[in-house]
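Reading through the structure tokens given below for one structure.
The values are calculated or read from the model by the stated rules, or taken from the named source; none is laboratory data. This structure is a prediction, so every number in the text was calculated from the model and none was measured. When we count neighbours, we look across all protein chains shown, and the Cβ atoms used for this are built from the backbone with ideal geometry, even at glycine. Ligands, DNA and RNA are stripped out before the accessible areas are found, and what is left, the full protein with its side chains, is counted by its heavy atoms. Shrake-Rupley method; radii C 1.70, N 1.55, O 1.52, S 1.80 Å.
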Amino acid sequence: MSNFVWCHGPSCHKSHTQDRIRGVKGSKVLRTKKVQQHAWNSGERTSMYSYFCSQGCYNDFANTYVREVIAIAPRTEALETPIEVTKEQVQYGYRDGTYTNTRITTVDTNGG
Ligand SMILES: [Zn+2]
């Protein structure tokens, strides 16, 4: 049993690769690739690799439909993560000196 979806890349069928060639001499075509559904890319592991044959096809889709994708969850204001910033002098080498290390720690705001 074959379980697959067609690649959603809008130009997948235009890439000149041998594995896209279908048909008989005189009526050959470049066809959209199949994306097989496996345990690693389906169900709870569904990801971009469930719908696209390659990073390039994903990028083509995202660039073509970026306005529609953003409309799903528009960002109208900045998000913020509470942090604490500490600076510490760190010795390097033997008598070579020190440098300042900046440590950023996320502050737990859930009362924990
Ligand atoms: Zn593709």
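Karplus-based coupling profile of segment 81-87, in residue order and whole Hz: 10, x, 9, 10, 10, 10, 10, with θ = phi - 60° in 6.51 cos²θ - 1.76 cosθ + 1.60 and x standing for Gly or Pro.
Among the chymotrypsin sites (Phe, Trp or Tyr not before Pro) in segment 1-109, those located in a DSSP loop and surrounded by at most 15 other Cβ atoms within 10 Å of their own Cβ are Y65, Y94. The charge dipole of the chain, taken about its Cα centre with unit charges on the Cβ of Lys, Arg, Asp and Glu (plus for the first two, minus for the last two), comes to roughly 1100 debye.
Relative contact order for the chain: 20 percent, from Cα pairs under 8 Å spaced at least 6 residues apart, divided by residue count. Using a probe of 1.4 Å, the accessible surface attributed to R103 totals some 120 Å² when neighbouring protein chains are kept in position.
Any idea what angle helix 55-64 forms with the longest principal axis of the chain, computed on alpha-carbon atoms, 0 to 90 degrees, nearest 10? Helix 55-64 sits roughly 90 degrees off the main axis of the chain. Taking a straight Cα-Cα cut-off under 21 Å and skipping sequence neighbours fewer than 8 places away in the same chain, the lysines within cross-link reach of K25 are K14, K33.
Keeping the other protein chains in place, figure out the carbon and sulfur percent of the accessible area of segment 1-85, with a 1.4 Å probe. It is 53 percent, rounded to a whole number. The region of the chain that goes longest without hitting one of the GluC sites (Glu not before Pro) in a DSSP loop, each with at most 16 other Cβ atoms within 10 Å, is 1-76.
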